[in-house]
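Just so it is clear, none of the values below were taken in a lab; they were calculated from the coordinates. Everything numeric here is computed off the predicted structure, so don't read it as measured data. Here the Cβ is made from the backbone with ideal geometry for all residues, glycine too, and neighbour counts use every protein chain on show.
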Amino acid sequence: MNVIVKFILILLYPLLLVARLKNAILRRDPLRLCEPRAESFWLTRGEEPNTASYFSESSPQTDEQRDGLIRIALRGAAHCFAPPRPAPGEKYSAAADREKGIPDEVYTLW
Amino acid sequence: MTRILGISAFYHDSAAALVTDGHIVAAAQEERFTRKKHDHHFPVNAIQYCLSEAGISAAHLDYVGFYDKPLVKFDRLIETYSAFAPAGFKAYLKALPLWLKSKLHLPQEMDRAFAGQYRGRFVFSDHHESHAASAFFPSPFEEAAILTLDGVGEWSTTTLGWGRGNRVKLTHEIRFPHSLGLLYSAFTYYTGFRVNSGEYKLMGLAPYGEPRFADLIRRHLIHIRNDGSFWMDMSYFNYCQGMIMTSDKFHRLFGGQPRSPESMLTQREMDLAASVQLVCEETMLKCAWHLHNLTKMKNLVMAGGVALNCVGNGRILREGPFENLWIQPAAGDAGGALGVALLIWHHVLSQPRSVNGSDSQLGSLLGPHFSDEEMRRFLDTVGARYHTFTNENELLDRVADLLASEKVVGWLHGRMEFGPRALGARSILGDARSEKMQQVMNLKIKFRESFRPFAPCVLQDNVAEYFELDGESPYMLLVAPVLERHRTVLTEEQKQEMTDPDLRKRVNIKRSTIPAVTHVDYSARVQTVDEARHGRFYRLMKRFKEKTGCPVIVNTSFNIRGEPIVCTPQDAYQCFLGTHMDALVLGNQLLLKSEQPNARGFDAEGYKASFKHD
């Protein structure tokens, strides 16, 4: 299955390049890679979460930003790999685990 | 009765915490059960323990909360790969399969882990809100300013906010990839230590060095404003797009490739450690001052991995604007499990919070405990020789005598600690007055680097007689200087030795009346011990003081290098046999190494080899 997943990821990778190009054209810098000319680097956080937002895996702010084709495509692809429902009495084992050879320092960021 | 389970998982230090009607019932890290340090797997064992502590099954849970919002984190990943494309192609291919197969299906994954028994909905809180909740809600304050600092959650790496009554609110943030935690981790990596566990070593190494690279760091790597906010030049780092922390430009700036793990430490690494530590402390202090200006509050609470930097914490307490400081003992990701559970109780269910002058962390003794009967049954099974003491006074008398005669004692009593520090429930103890203790413990007990310092625990009533600290520090999260009157003046010869490249020589110089716990800069990571939190451990220290006049002993975690802190009597017994520990106390049982029939035949090398060096 890993080969299929990687094949899909390779197929979708050009969308990331398009997203980068789009950001460059729109002068969008979501990671603030260019140093902002500001007296302070603090950012004001978005609105306080309400009760409903605690039941969401997402947040209102990211929902607004989620316009990219790559996100839609990747999440669509993920549906094909959803873990099976638990069988009664079945001992739990993770649907997937980290690949070997990924150093801790980068794994914790992913 | 409302039962809430909090979970942190999939990154490092997976954990579970159970809160019933707002009270913390149990909390534990998965690593203690699986014996894999910083275990990132879904914490099935820790969950099982929490449920068994309350005598319930998953079907009895009202809410289950996860400590971050996976889709927000996924957004951050996509933005990062797109910002660096095509540079991050390899990382993209390594990272995303796990997302497609598991992390994007978290509710289903958790359903599977609970075998369908839990029928409620899952709650997802923001990573830093979980940290903030873990810091504020168990604190002894009605209101407090909140500072969270870590590597990264979803987007935030540092947040400011406040807590009042049953609410926490985060108002400001610094976002990925600009991260004080990741800056520290980059130097941890560069100086040849393992990220996520080597940060502590780097902090311990810092006092051996001079901060001669601090200006270079401030000029090139991180630009820090007076309000504590910062921006990092990502051309020096590689963690956004690569498989290592630092870039070639970083290596050129500091004049060489990263140090190979386990190779000889040089003065350069010590100076690098001192430099990044200084920059980190300065930034933490500036954040604290700015937060005080924003909130005007007198109390500060902290959480996040950087809040385990107890040298920085000590400076905030001594030089910062706040009158009181409380830090979540499980400040890293494990504490997020507790944070989300408390958030559900106070925010989702709007339940009130009461404060009674003391924290509600219960000494952070929230893990499994074992009865005397269980311990004796185990010891009989393995053929161990032991003495059972039905009278606590006699046991404490004997153990205090052993400590006073420079013996090293393993101590397992009561519930296991939640968080990375051993606080007297799963500890290795020694005499702080002993000149040889640090070397013996490092090389023959812990099998770890000789330069690493040991922490003192001191009776609460006597803390101000030994350290520049007059408050309490029950969770060993503050570093304070040893008082001048306990320090030893170094001879010219000793001063010369302090520049010797061989750190063992520097370590062996006696610096105070409690040399085993006095670091080279006369600092110590202090744990204060009181009867209410620590019970028998407090009484042991009292007995030791009665015998020796000294209210300070060495307290280090009950494990060897690379091993999680012991959980069960079995773990403790293995560690006892696999090291040069002289005695082991399991509840009311005392074992002496010299009497153990199994000691000679025990495969100590195999035991050591079973844990990967951290």
Got a sec? How would B:MET581, B:MET110 order by Cβ neighbour count within 10 Å, fewest to most?
B:MET110, B:MET581
Applying the Karplus parametrisation 6.51 cos²θ - 1.76 cosθ + 1.60 with θ = phi - 60° to the phi angles of the range B:395-408, what ³J(HN,Hα) value in whole Hz is obtained for each residue in order, glycine and proline being reported as x?
4, 5, 4, 5, 5, 4, 4, 4, 4, 5, 9, 6, 7, 9
For the range B:116-151, listing GluC sites (Glu not before Pro) in a DSSP loop whose Cβ sees at most 14 other Cβ atoms within 10 Å gives B:GLU142
If R₀ is 60 angstrom, what is the calculated FRET efficiency for the pair B:THR491 and B:LYS249, using the beta carbon separation as r and rounding to 0.05?
0.85
Counted neighbours (other Cβ, 10 Å), sorted fewest up, put B:PHE558, A:PHE7, B:PHE141 in the order A:PHE7, B:PHE141, B:PHE558
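Is the shape of the range B:95-216 best called rounded, prolate or oblate, per the rule: a/c under 1.5 gives rounded, else a/b larger than b/c gives prolate, else oblate, with a ≥ b ≥ c the square roots of the Cα gyration tensor eigenvalues?
On the way: a/c = 2.36, a/b = 1.36, b/c = 1.73.
Here the range B:95-216 falls in the oblate category.
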Protection proxy ranking of B:446-456, B:496-506, A:48-58, A:85-95 - average other beta-carbon atoms within 10 Å, highest first:
B:446-456, A:48-58, B:496-506, A:85-95
Can you tell me the FRET efficiency between B:SER594 and B:SER235 if r is taken as the Cβ-Cβ distance and R0 is 56 Å, rounded to the nearest 0.05?
0.40
Applying a 10 Å radius around every beta-carbon, put B:79-89, B:250-260 in order of their mean neighbour count, most first.
B:79-89, B:250-260
Separation of the B:SER52 and B:GLN439 label points, Cα + 7 Å toward Cβ, nm
4.4 nm
Residues with amide H under 5 Å of B:LEU483's amide H, sequence separation 5 or more or different chain, H placed in the peptide plane at 1.01 Å from N; which?
B:PHE467, B:GLU468
Please give the net charge around B:ILE56, taking every other residue with its beta carbon less than 12 angstrom from that of B:ILE56, where Lys and Arg add +1 and Asp and Glu add -1.
-1
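Return the average number of partner chain Cβ atoms within 10 angstrom of each residue Cβ along peptide B:68-74.
Working: counts 1, 8, 2, 9, 9, 4, 9.
Per residue, the number of nearby Cβ atoms from other chains is 6 on average.
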So for the pair B:GLU465, B:ASN393, with labels modelled 7 Å out along Cα→Cβ, what separation do we get in nm?
2.2 nm
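Would you please name the trypsin sites (Lys or Arg not before Pro) within the range B:285-338 that are DSSP coil residues with at most 16 other C-beta atoms within 10 Å of their C-beta? If you can, show how the numbers build up before the last one.
Numbers: sites: B:LYS286, B:LYS296, B:LYS298, B:ARG315, B:ARG318; in loops: B:LYS296, B:LYS298.
Those satisfying the criteria are B:LYS296, B:LYS298.
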Amide proton proximity set for B:ALA455, modelled H, under 5 Å, gap of 5+:
B:ASN555
Using +1 at the C-beta of Lys and Arg and -1 at the C-beta of Asp and Glu, which of B:LEU325, B:TYR200, B:THR266 has the Cα lying farthest in the positive direction of the dipole of the range B:175-326?
B:LEU325
Amide H neighbours of B:PHE237 under 5 Å, counting only residues 5+ apart in sequence or on other chains, H built in-plane at 1.01 Å?
B:SER247
Are there any trypsin sites (Lys or Arg not before Pro) in the range A:1-90 that are in a DSSP loop and have at most 10 other Cβ atoms within 10 Å? List them by number.
A:ARG27, A:ARG37
When B:CYS287, B:CYS310 are ranked with the fewest other C-beta atoms within 10 Å first, the list becomes B:CYS310, B:CYS287
For the range B:364-380, take each phi angle, set θ = phi - 60°, evaluate the Karplus expression 6.51 cos²θ - 1.76 cosθ + 1.60, and give the result in whole Hz per residue in order, putting x for glycine and proline.
6, 8, 10, x, x, 10, 10, 6, 4, 5, 4, 5, 5, 4, 4, 4, 5
Vicinal HN-Hα couplings computed from phi for the range B:442-452 (Karplus, 6.51 cos²θ - 1.76 cosθ + 1.60; Hz; Gly/Pro x):
5, 8, 9, 10, 8, 6, 10, 4, 5, 7, 6
Ignore the peptide's own chain and count Cβ atoms of other chains within 10 Å of each Cβ in A:22-32; give me the average, rounded.
4
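Ratio of the protein assembly as shown's C-alpha Rg to 2.2 N^0.38 Å, to two decimals? Provide the component values of the computation, followed by the final result.
Values: Rg = 25.0 Å, N = 724, 2.2 N^0.38 = 26.9 Å.
Taking the Cα Rg and dividing by 2.2 N^0.38 Å, one obtains 0.93.
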